[in-house]
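**Student:** Take a look at this one; I'll ask things after.
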Amino acid sequence: MPTTTFSCFLFTFLIITSSIACVAGAVGVNWGTMASHPLPPHKVVKLLKSNSITKVKLFDANSDVLQALSGSNIDVSVGVPNTMLRSLNSSKKAADSWVHDNVTRYMPNVGSVTRIEYVAVGDEPFLKIYNEQFHPFLIGAAMNIQAALKKAKLDSKVKVVVPCSFDSFESGFNLSSGVHLRPDINKTMIELLTFLDKHGSPFFVTISPFVTHLQTKNISLDFSLFKETARPHNFSHKTYKNSFDLSYDTVVTVLSTAGYPNMDIVVAKIGWPTDGAVNGSSYLAETFIKGLINHLHSNLGTPLRPHKPPLETYIMSLLDEDQRSIASGNFERHWGLFTFDGQAKYHVDLGQGSKSLVNAQNVEYLSSKWCVVNNNKDLSNATASALEACASADCTALSPGGSCFNISWPSNISYAFNSYYQQHDQRAESCDFGGLGLITTVDPSMDHCRFPIEIRVSHSEFHRMCNFLQVILLVTTLFVSLAL
(Lines give C-alpha, C1' and ligand atoms only; values in the text may rest on other atoms or scores of the structure.)
Protein backbone atom coordinates (compact mmCIF):
# COMPACT_ATOMS: atom_id res chain seq x y z
CA MET A 1 0.00 0.00 0.00
CA PRO A 2 1.50 3.39 -0.98
CA THR A 3 2.49 5.64 1.91
CA THR A 4 0.04 8.42 0.94
CA THR A 5 -2.87 5.99 0.67
CA PHE A 6 -1.99 4.39 3.97
CA SER A 7 -1.77 7.79 5.67
CA CYS A 8 -5.19 8.75 4.34
CA PHE A 9 -6.59 5.42 5.50
CA LEU A 10 -5.04 5.81 8.95
CA PHE A 11 -6.32 9.39 9.27
CA THR A 12 -9.84 8.32 8.29
CA PHE A 13 -9.71 5.39 10.72
CA LEU A 14 -8.62 7.63 13.59
CA ILE A 15 -11.37 10.14 12.83
CA ILE A 16 -14.02 7.40 12.78
CA THR A 17 -12.82 5.70 15.96
CA SER A 18 -12.48 8.97 17.84
CA SER A 19 -16.05 9.86 16.81
CA ILE A 20 -17.30 6.50 18.03
CA ALA A 21 -15.53 7.01 21.34
CA CYS A 22 -17.63 10.07 22.19
CA VAL A 23 -20.94 9.07 20.63
CA ALA A 24 -23.84 9.88 22.93
CA GLY A 25 -25.06 6.97 24.99
CA ALA A 26 -28.20 5.13 24.01
CA VAL A 27 -31.62 6.43 25.04
CA GLY A 28 -34.19 3.93 26.24
CA VAL A 29 -37.41 3.98 28.25
CA ASN A 30 -38.77 2.60 31.50
CA TRP A 31 -41.74 0.30 30.96
CA GLY A 32 -43.84 0.01 34.10
CA THR A 33 -46.95 -2.13 34.40
CA MET A 34 -48.71 -0.61 37.43
CA ALA A 35 -51.93 -0.05 35.51
CA SER A 36 -55.45 -1.29 36.19
CA HIS A 37 -55.95 -1.99 32.47
CA PRO A 38 -52.48 -2.40 30.95
CA LEU A 39 -51.86 -2.23 27.24
CA PRO A 40 -51.19 -5.85 26.14
CA PRO A 41 -47.43 -6.59 26.08
CA HIS A 42 -47.37 -7.53 22.39
CA LYS A 43 -48.90 -4.15 21.52
CA VAL A 44 -46.34 -2.37 23.71
CA VAL A 45 -43.50 -4.15 21.93
CA LYS A 46 -44.96 -3.04 18.59
CA LEU A 47 -45.12 0.48 20.01
CA LEU A 48 -41.45 0.31 21.00
CA LYS A 49 -40.40 -0.96 17.58
CA SER A 50 -42.57 1.56 15.72
CA ASN A 51 -40.69 4.30 17.55
CA SER A 52 -37.26 2.68 17.06
CA ILE A 53 -36.74 2.35 20.81
CA THR A 54 -33.98 -0.20 21.25
CA LYS A 55 -33.60 -0.32 25.04
CA VAL A 56 -36.19 -0.87 27.76
CA LYS A 57 -35.90 -1.07 31.52
CA LEU A 58 -38.45 -3.13 33.46
CA PHE A 59 -39.23 -2.96 37.17
CA ASP A 60 -39.85 -6.69 37.48
CA ALA A 61 -39.55 -9.82 35.35
CA ASN A 62 -43.12 -10.30 34.15
CA SER A 63 -43.26 -13.46 32.05
CA ASP A 64 -45.78 -12.08 29.54
CA VAL A 65 -43.62 -9.01 28.99
CA LEU A 66 -40.38 -10.96 28.59
CA GLN A 67 -42.04 -13.40 26.20
CA ALA A 68 -43.37 -10.50 24.11
CA LEU A 69 -39.86 -9.02 23.94
CA SER A 70 -38.40 -12.30 22.64
CA GLY A 71 -36.97 -11.86 19.16
CA SER A 72 -37.56 -8.10 19.18
CA ASN A 73 -33.83 -7.19 19.26
CA ILE A 74 -34.62 -4.76 22.10
CA ASP A 75 -32.09 -4.71 24.93
CA VAL A 76 -33.79 -5.40 28.26
CA SER A 77 -33.10 -4.66 31.91
CA VAL A 78 -35.13 -6.90 34.24
CA GLY A 79 -35.81 -6.04 37.87
CA VAL A 80 -35.76 -7.80 41.20
CA PRO A 81 -38.37 -6.19 43.52
CA ASN A 82 -37.16 -4.84 46.86
CA THR A 83 -39.47 -7.31 48.58
CA MET A 84 -37.33 -10.21 47.31
CA LEU A 85 -33.97 -8.93 48.57
CA ARG A 86 -34.20 -10.69 51.93
CA SER A 87 -34.80 -14.14 50.44
CA LEU A 88 -32.18 -13.71 47.70
CA ASN A 89 -29.65 -12.61 50.30
CA SER A 90 -30.25 -15.62 52.54
CA SER A 91 -30.51 -18.32 49.88
CA LYS A 92 -28.22 -19.03 46.93
CA LYS A 93 -30.78 -21.60 45.81
CA ALA A 94 -33.43 -18.86 45.64
CA ALA A 95 -31.07 -16.76 43.51
CA ASP A 96 -30.38 -19.72 41.22
CA SER A 97 -34.12 -20.30 40.79
CA TRP A 98 -34.79 -16.61 40.12
CA VAL A 99 -32.10 -16.42 37.44
CA HIS A 100 -33.32 -19.65 35.85
CA ASP A 101 -36.96 -18.54 35.79
CA ASN A 102 -36.42 -14.92 34.76
CA VAL A 103 -33.20 -14.85 32.74
CA THR A 104 -31.92 -18.23 31.52
CA ARG A 105 -35.24 -19.46 30.12
CA TYR A 106 -35.46 -16.37 27.90
CA MET A 107 -31.88 -16.64 26.63
CA PRO A 108 -31.63 -20.08 25.04
CA ASN A 109 -28.61 -21.05 22.96
CA VAL A 110 -30.84 -21.49 19.92
CA GLY A 111 -34.12 -19.98 18.83
CA SER A 112 -35.78 -16.72 19.72
CA VAL A 113 -33.99 -14.80 22.46
CA THR A 114 -34.92 -11.96 24.82
CA ARG A 115 -31.83 -9.74 24.90
CA ILE A 116 -31.42 -9.28 28.65
CA GLU A 117 -28.38 -7.11 29.43
CA TYR A 118 -28.97 -6.09 33.05
CA VAL A 119 -30.50 -7.53 36.18
CA ALA A 120 -31.44 -4.62 38.45
CA VAL A 121 -31.33 -5.87 42.03
CA GLY A 122 -33.87 -3.77 43.91
CA ASP A 123 -35.39 -0.47 42.83
CA GLU A 124 -34.01 2.54 44.69
CA PRO A 125 -33.54 0.52 47.92
CA PHE A 126 -31.75 3.48 49.56
CA LEU A 127 -34.81 5.77 49.41
CA LYS A 128 -35.13 7.61 52.71
CA ILE A 129 -38.76 6.57 53.15
CA TYR A 130 -37.62 2.93 53.35
CA ASN A 131 -35.34 3.72 56.27
CA GLU A 132 -32.78 0.87 56.50
CA GLN A 133 -35.12 -2.01 55.68
CA PHE A 134 -33.23 -3.24 52.63
CA HIS A 135 -29.64 -2.28 53.50
CA PRO A 136 -28.71 -5.56 55.25
CA PHE A 137 -29.84 -7.68 52.30
CA LEU A 138 -28.81 -5.71 49.23
CA ILE A 139 -25.17 -6.69 48.75
CA GLY A 140 -25.75 -10.36 49.56
CA ALA A 141 -28.65 -10.48 47.10
CA ALA A 142 -26.54 -8.86 44.38
CA MET A 143 -23.66 -11.26 45.00
CA ASN A 144 -25.94 -14.31 44.90
CA ILE A 145 -27.57 -13.15 41.64
CA GLN A 146 -24.08 -12.59 40.21
CA ALA A 147 -23.03 -16.10 41.27
CA ALA A 148 -26.21 -17.56 39.74
CA LEU A 149 -25.51 -15.80 36.43
CA LYS A 150 -21.98 -17.20 36.46
CA LYS A 151 -23.28 -20.70 37.15
CA ALA A 152 -25.62 -20.28 34.17
CA LYS A 153 -22.69 -19.04 32.06
CA LEU A 154 -24.44 -15.71 31.48
CA ASP A 155 -22.21 -13.43 33.55
CA SER A 156 -20.36 -12.22 30.44
CA LYS A 157 -23.65 -11.17 28.81
CA VAL A 158 -25.71 -9.90 31.77
CA LYS A 159 -24.53 -7.31 34.29
CA VAL A 160 -25.86 -6.96 37.84
CA VAL A 161 -26.74 -3.39 38.83
CA VAL A 162 -28.58 -1.58 41.62
CA PRO A 163 -30.69 1.48 40.69
CA CYS A 164 -30.04 4.19 43.31
CA SER A 165 -32.19 7.18 44.26
CA PHE A 166 -30.81 10.70 44.13
CA ASP A 167 -31.49 11.15 47.84
CA SER A 168 -28.57 8.76 48.40
CA PHE A 169 -26.49 11.96 48.37
CA GLU A 170 -26.54 14.90 50.75
CA SER A 171 -25.89 18.60 50.21
CA GLY A 172 -26.20 18.10 46.47
CA PHE A 173 -27.74 21.51 46.02
CA ASN A 174 -26.22 23.33 48.96
CA LEU A 175 -23.82 24.93 46.54
CA SER A 176 -21.55 26.35 49.22
CA SER A 177 -20.53 22.91 50.46
CA GLY A 178 -19.43 19.57 49.09
CA VAL A 179 -21.54 16.49 48.44
CA HIS A 180 -21.26 13.11 50.06
CA LEU A 181 -23.09 9.86 50.63
CA ARG A 182 -25.74 9.81 53.33
CA PRO A 183 -24.07 8.58 56.53
CA ASP A 184 -26.65 5.81 57.02
CA ILE A 185 -25.84 4.21 53.66
CA ASN A 186 -22.13 5.04 53.39
CA LYS A 187 -20.86 1.56 54.34
CA THR A 188 -23.36 -0.31 52.15
CA MET A 189 -22.83 2.04 49.20
CA ILE A 190 -19.04 1.60 49.35
CA GLU A 191 -19.59 -2.17 49.29
CA LEU A 192 -21.90 -1.73 46.31
CA LEU A 193 -19.38 0.39 44.40
CA THR A 194 -16.67 -2.18 45.09
CA PHE A 195 -18.97 -4.91 43.76
CA LEU A 196 -19.87 -2.94 40.62
CA ASP A 197 -16.25 -2.09 39.89
CA LYS A 198 -15.15 -5.71 40.32
CA HIS A 199 -17.68 -6.93 37.76
CA GLY A 200 -17.45 -4.00 35.34
CA SER A 201 -21.03 -2.87 35.98
CA PRO A 202 -22.17 0.76 35.67
CA PHE A 203 -23.72 2.87 38.43
CA PHE A 204 -27.50 3.24 37.92
CA VAL A 205 -29.00 6.42 39.37
CA THR A 206 -32.24 8.42 39.15
CA ILE A 207 -31.93 12.08 38.16
CA SER A 208 -35.11 14.15 38.38
CA PRO A 209 -34.88 17.85 37.54
CA PHE A 210 -38.67 18.07 38.04
CA VAL A 211 -38.49 16.84 41.65
CA THR A 212 -35.38 18.93 42.27
CA HIS A 213 -37.26 22.02 41.08
CA LEU A 214 -40.17 21.18 43.40
CA GLN A 215 -37.92 20.68 46.41
CA THR A 216 -35.24 23.36 45.88
CA LYS A 217 -36.11 27.04 45.99
CA ASN A 218 -33.07 28.32 44.10
CA ILE A 219 -33.48 25.92 41.15
CA SER A 220 -35.61 27.76 38.60
CA LEU A 221 -37.97 26.25 36.05
CA ASP A 222 -35.84 27.59 33.17
CA PHE A 223 -32.72 26.01 34.69
CA SER A 224 -34.59 22.68 34.88
CA LEU A 225 -35.81 22.89 31.27
CA PHE A 226 -32.43 23.52 29.58
CA LYS A 227 -33.47 27.09 28.74
CA GLU A 228 -30.58 29.24 27.51
CA THR A 229 -32.01 32.18 29.44
CA ALA A 230 -31.62 30.38 32.79
CA ARG A 231 -29.38 31.92 35.42
CA PRO A 232 -26.30 29.68 35.76
CA HIS A 233 -25.21 28.12 39.06
CA ASN A 234 -21.68 27.67 40.36
CA PHE A 235 -20.72 24.42 42.04
CA SER A 236 -17.29 23.10 42.94
CA HIS A 237 -15.60 25.89 40.94
CA LYS A 238 -17.60 24.97 37.84
CA THR A 239 -20.43 26.84 36.10
CA TYR A 240 -23.65 24.98 35.32
CA LYS A 241 -26.28 26.00 32.80
CA ASN A 242 -28.90 23.35 33.58
CA SER A 243 -30.14 21.16 36.42
CA PHE A 244 -29.27 17.88 34.68
CA ASP A 245 -25.55 18.67 34.48
CA LEU A 246 -25.52 19.83 38.08
CA SER A 247 -27.21 16.63 39.27
CA TYR A 248 -25.02 14.42 37.09
CA ASP A 249 -21.81 16.00 38.37
CA THR A 250 -23.09 15.59 41.92
CA VAL A 251 -23.03 11.85 41.21
CA VAL A 252 -19.60 12.11 39.54
CA THR A 253 -18.24 13.97 42.58
CA VAL A 254 -19.49 11.35 45.03
CA LEU A 255 -18.12 8.48 42.92
CA SER A 256 -14.75 10.23 42.65
CA THR A 257 -14.60 10.87 46.40
CA ALA A 258 -15.35 7.18 46.98
CA GLY A 259 -12.44 6.21 44.74
CA TYR A 260 -14.26 5.48 41.47
CA PRO A 261 -13.74 8.58 39.29
CA ASN A 262 -14.14 6.71 36.01
CA MET A 263 -17.09 4.44 36.78
CA ASP A 264 -19.69 4.49 34.00
CA ILE A 265 -23.02 6.07 34.91
CA VAL A 266 -26.45 5.06 33.62
CA VAL A 267 -29.34 7.45 34.22
CA ALA A 268 -31.92 4.88 35.27
CA LYS A 269 -34.89 7.25 35.42
CA ILE A 270 -35.36 10.78 34.13
CA GLY A 271 -38.46 12.52 32.83
CA TRP A 272 -41.11 15.18 33.28
CA PRO A 273 -44.74 14.49 34.22
CA THR A 274 -47.62 15.82 32.16
CA ASP A 275 -50.31 16.05 34.84
CA GLY A 276 -51.04 15.87 38.55
CA ALA A 277 -49.00 18.88 39.69
CA VAL A 278 -48.21 22.50 39.04
CA ASN A 279 -45.77 22.62 36.07
CA GLY A 280 -46.78 19.09 35.15
CA SER A 281 -47.95 19.55 31.55
CA SER A 282 -47.42 18.12 28.09
CA TYR A 283 -45.93 21.42 26.92
CA LEU A 284 -43.28 21.52 29.65
CA ALA A 285 -42.62 17.77 29.32
CA GLU A 286 -42.00 18.20 25.61
CA THR A 287 -39.68 21.14 26.30
CA PHE A 288 -37.73 19.12 28.86
CA ILE A 289 -37.42 15.90 26.83
CA LYS A 290 -36.36 17.79 23.72
CA GLY A 291 -33.79 19.71 25.76
CA LEU A 292 -32.50 16.49 27.32
CA ILE A 293 -32.23 14.61 24.02
CA ASN A 294 -30.48 17.52 22.31
CA HIS A 295 -28.07 17.82 25.22
CA LEU A 296 -27.27 14.10 25.25
CA HIS A 297 -26.70 13.97 21.51
CA SER A 298 -24.55 17.09 21.48
CA ASN A 299 -21.81 15.02 23.13
CA LEU A 300 -20.88 18.04 25.24
CA GLY A 301 -21.03 16.02 28.43
CA THR A 302 -20.81 17.90 31.72
CA PRO A 303 -18.16 20.17 33.28
CA LEU A 304 -16.67 17.23 35.23
CA ARG A 305 -17.03 14.76 32.36
CA PRO A 306 -16.67 16.76 29.16
CA HIS A 307 -17.57 14.87 25.95
CA LYS A 308 -18.60 11.86 28.01
CA PRO A 309 -22.41 11.68 28.35
CA PRO A 310 -24.11 8.90 30.36
CA LEU A 311 -23.50 5.39 29.12
CA GLU A 312 -27.28 4.99 28.76
CA THR A 313 -30.31 7.10 29.69
CA TYR A 314 -33.79 5.70 30.41
CA ILE A 315 -36.70 8.09 30.10
CA MET A 316 -39.39 7.85 32.75
CA SER A 317 -41.52 6.51 31.24
CA LEU A 318 -43.13 4.85 28.25
CA LEU A 319 -46.76 4.83 29.45
CA ASP A 320 -48.86 6.40 32.19
CA GLU A 321 -49.69 4.05 35.08
CA ASP A 322 -52.87 4.70 37.04
CA GLN A 323 -51.85 2.43 39.92
CA ARG A 324 -48.38 3.80 40.67
CA SER A 325 -47.86 4.89 44.25
CA ILE A 326 -48.51 8.61 44.75
CA ALA A 327 -46.59 8.83 48.03
CA SER A 328 -44.14 11.20 46.33
CA GLY A 329 -46.86 13.20 44.58
CA ASN A 330 -49.88 12.84 42.30
CA PHE A 331 -47.65 13.45 39.30
CA GLU A 332 -46.21 9.92 39.71
CA ARG A 333 -48.99 8.49 37.51
CA HIS A 334 -48.24 10.80 34.58
CA TRP A 335 -44.61 10.28 33.53
CA GLY A 336 -45.49 8.64 30.20
CA LEU A 337 -44.39 9.75 26.77
CA PHE A 338 -47.68 8.06 25.87
CA THR A 339 -51.03 7.92 27.61
CA PHE A 340 -52.08 4.62 29.21
CA ASP A 341 -53.50 3.49 25.85
CA GLY A 342 -50.35 4.25 23.84
CA GLN A 343 -51.28 7.62 22.35
CA ALA A 344 -48.43 10.15 22.10
CA LYS A 345 -48.80 13.19 24.34
CA TYR A 346 -46.39 15.35 22.34
CA HIS A 347 -43.85 15.23 19.54
CA VAL A 348 -40.22 14.46 20.23
CA ASP A 349 -37.28 12.98 18.33
CA LEU A 350 -35.70 10.34 20.54
CA GLY A 351 -32.62 10.43 18.34
CA GLN A 352 -33.54 7.55 16.06
CA GLY A 353 -34.53 9.75 13.14
CA SER A 354 -38.29 10.10 13.64
CA LYS A 355 -39.61 13.56 14.44
CA SER A 356 -42.97 12.33 15.67
CA LEU A 357 -43.88 9.51 18.00
CA VAL A 358 -46.01 6.75 16.49
CA ASN A 359 -49.18 5.79 18.38
CA ALA A 360 -50.17 2.27 19.39
CA GLN A 361 -52.38 0.66 16.78
CA ASN A 362 -55.60 -1.35 17.01
CA VAL A 363 -56.17 -0.66 20.71
CA GLU A 364 -59.36 -2.30 21.98
CA TYR A 365 -61.42 -0.14 24.32
CA LEU A 366 -64.43 -0.75 26.52
CA SER A 367 -67.77 0.54 25.23
CA SER A 368 -68.24 4.28 24.66
CA LYS A 369 -69.93 4.77 28.01
CA TRP A 370 -69.15 7.06 30.93
CA CYS A 371 -70.44 7.42 34.46
CA VAL A 372 -71.49 10.95 35.49
CA VAL A 373 -73.39 12.52 38.35
CA ASN A 374 -77.18 12.53 38.03
CA ASN A 375 -78.12 16.20 38.28
CA ASN A 376 -81.75 15.29 39.06
CA LYS A 377 -80.74 13.82 42.42
CA ASP A 378 -79.98 15.45 45.76
CA LEU A 379 -76.21 16.02 45.53
CA SER A 380 -75.61 17.04 49.13
CA ASN A 381 -73.63 13.81 49.71
CA ALA A 382 -72.00 13.74 46.27
CA THR A 383 -68.62 15.01 47.47
CA ALA A 384 -68.35 12.23 50.04
CA SER A 385 -69.15 9.65 47.35
CA ALA A 386 -66.51 11.16 45.07
CA LEU A 387 -63.87 10.99 47.81
CA GLU A 388 -64.76 7.36 48.36
CA ALA A 389 -64.38 6.69 44.63
CA CYS A 390 -61.00 8.44 44.53
CA ALA A 391 -59.72 6.30 47.40
CA SER A 392 -59.22 3.48 44.89
CA ALA A 393 -59.62 5.12 41.47
CA ASP A 394 -57.20 7.55 39.84
CA CYS A 395 -58.28 11.14 40.43
CA THR A 396 -54.82 12.71 40.19
CA ALA A 397 -55.85 14.91 37.24
CA LEU A 398 -58.05 16.81 39.72
CA SER A 399 -54.97 17.85 41.74
CA PRO A 400 -53.89 21.51 41.90
CA GLY A 401 -52.21 22.21 38.59
CA GLY A 402 -53.75 19.09 37.05
CA SER A 403 -55.54 19.01 33.70
CA CYS A 404 -58.96 18.73 35.39
CA PHE A 405 -58.32 20.96 38.40
CA ASN A 406 -60.27 23.88 36.98
CA ILE A 407 -63.46 22.04 36.04
CA SER A 408 -66.37 23.15 38.20
CA TRP A 409 -68.63 21.26 40.58
CA PRO A 410 -70.34 18.88 39.90
CA SER A 411 -68.22 18.04 36.83
CA ASN A 412 -65.35 17.13 39.15
CA ILE A 413 -67.70 14.71 40.91
CA SER A 414 -68.47 13.15 37.53
CA TYR A 415 -64.75 12.77 36.83
CA ALA A 416 -64.31 10.83 40.07
CA PHE A 417 -67.35 8.66 39.38
CA ASN A 418 -66.15 7.87 35.85
CA SER A 419 -62.63 7.04 36.96
CA TYR A 420 -64.03 4.48 39.40
CA TYR A 421 -66.49 3.14 36.80
CA GLN A 422 -63.81 2.64 34.15
CA GLN A 423 -61.37 1.07 36.58
CA HIS A 424 -64.04 -1.45 37.50
CA ASP A 425 -64.58 -2.52 33.91
CA GLN A 426 -67.76 -0.44 33.42
CA ARG A 427 -69.82 -2.75 35.61
CA ALA A 428 -73.25 -1.22 36.17
CA GLU A 429 -73.02 -1.44 39.95
CA SER A 430 -69.79 0.59 39.88
CA CYS A 431 -71.82 3.61 38.70
CA ASP A 432 -74.37 3.45 41.50
CA PHE A 433 -72.97 5.69 44.26
CA GLY A 434 -76.21 5.48 46.24
CA GLY A 435 -78.25 6.39 43.20
CA LEU A 436 -76.15 9.48 42.37
CA GLY A 437 -74.45 7.95 39.31
CA LEU A 438 -75.80 7.91 35.76
CA ILE A 439 -74.42 5.96 32.78
CA THR A 440 -74.28 8.04 29.60
CA THR A 441 -73.11 7.62 26.00
CA VAL A 442 -72.34 11.35 25.68
CA ASP A 443 -68.62 12.07 26.21
CA PRO A 444 -68.35 14.48 29.19
CA SER A 445 -64.76 15.49 28.38
CA MET A 446 -64.13 19.24 28.24
CA ASP A 447 -61.28 21.54 27.22
CA HIS A 448 -58.08 19.84 28.37
CA CYS A 449 -59.87 17.51 30.80
CA ARG A 450 -60.27 14.07 29.31
CA PHE A 451 -62.74 11.56 30.75
CA PRO A 452 -61.01 8.35 29.65
CA ILE A 453 -62.45 5.03 28.55
CA GLU A 454 -60.35 2.09 29.69
CA ILE A 455 -58.68 -0.57 27.57
CA ARG A 456 -60.49 -3.87 27.17
CA VAL A 457 -58.69 -6.73 28.90
CA SER A 458 -59.74 -10.33 29.42
CA HIS A 459 -61.70 -11.11 32.58
CA SER A 460 -58.96 -13.38 33.94
CA GLU A 461 -56.21 -10.91 33.08
CA PHE A 462 -58.11 -8.07 34.74
CA HIS A 463 -58.51 -9.91 38.03
CA ARG A 464 -54.96 -11.31 37.94
CA MET A 465 -53.63 -7.79 37.53
CA CYS A 466 -55.91 -6.40 40.25
CA ASN A 467 -54.76 -9.08 42.70
CA PHE A 468 -51.11 -8.43 41.82
CA LEU A 469 -51.50 -4.67 42.28
CA GLN A 470 -53.27 -5.13 45.61
CA VAL A 471 -50.35 -7.21 46.90
CA ILE A 472 -47.78 -4.68 45.68
CA LEU A 473 -49.66 -1.73 47.17
CA LEU A 474 -50.18 -3.57 50.46
CA VAL A 475 -46.50 -4.46 50.78
CA THR A 476 -45.40 -0.94 49.81
CA THR A 477 -47.78 0.61 52.35
CA LEU A 478 -46.50 -1.75 55.02
CA PHE A 479 -42.87 -0.89 54.34
CA VAL A 480 -43.52 2.85 54.35
CA SER A 481 -45.55 2.64 57.57
CA LEU A 482 -42.78 0.66 59.26
CA ALA A 483 -40.23 3.21 58.11
CA LEU A 484 -42.27 6.05 59.60
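The values are calculated or read from the model by the stated rules, or taken from the named source; none is laboratory data. Since the model is a prediction, treat every value here as computed from it, not as a measurement. For neighbour counting, all protein chains shown are included, and Cβ atoms are generated from backbone atoms with ideal geometry for every residue, glycine included. Calculation scope for accessible area: heavy atoms of the full protein, side chains included, ligands and nucleic acids excluded. Shrake-Rupley method; radii C 1.70, N 1.55, O 1.52, S 1.80 Å.
**Student:** Could you count how many residues in the range 279-296 are open to solvent by 20 Å² or more (accessible area, probe 1.4 Å), within 19 Å of ARG450 (Cβ to Cβ) and part of a loop (DSSP other than H, G, I, E, B)?
**Tutor:** Within the range 279-296, residues that are open to solvent by 20 Å² or more (accessible area, probe 1.4 Å), within 19 Å of ARG450 (Cβ to Cβ) and part of a loop (DSSP other than H, G, I, E, B) number 1.
**Student:** Restricting the search to the range 362-400, which residues are in a loop (DSSP other than H, G, I, E, B), touching a strand residue (DSSP E or B) at 6+ places or on another chain (Cβ under 9 Å), open to solvent by less than 80 Å² (accessible area, probe 1.4 Å) and not basic (Lys, Arg)? Spell out the reasoning first.
**Tutor:** Taking the range 362-400 and keeping what is in a loop (DSSP other than H, G, I, E, B), we get 362-364, 366-369, 374-381, 391-395, 399-400.
From what is left, the residues that are touching a strand residue (DSSP E or B) at 6+ places or on another chain (Cβ under 9 Å) are 363-364, 366, 369, 374-377, 379.
Subsequent filtering for residues that are open to solvent by less than 80 Å² (accessible area, probe 1.4 Å) retains 363, 366, 369, 374, 379.
Hits for the range 362-400 are VAL363, LEU366, ASN374, LEU379.
**Student:** May I pose another question? Can you name the number of the only condition in (1) open to solvent by 50 Å² or more (accessible area, probe 1.4 Å); (2) under 30 Å from VAL348 (Cβ atoms); (3) modelled with pLDDT of 95 or more; (4) not in a loop (DSSP other than H, G, I, E, B) that LEU48 fails?
**Tutor:** (1)
**Student:** Would you be able to say whether some residue in the range 105-114 is touching a residue at least 40 places away in the same chain (Cβ under 8 Å) and among the basic types (Lys, Arg)?
**Tutor:** no
**Student:** For PHE338, which of the numbered conditions (1) more than 26 Å from MET189 (Cα to Cα); (2) open to solvent by less than 10 Å² (accessible area, probe 1.4 Å); (3) among the aromatic types (Phe, Trp, Tyr); (4) touching a Gly at 6+ places or on another chain (Cβ under 9 Å) fails to hold?
**Tutor:** (4)
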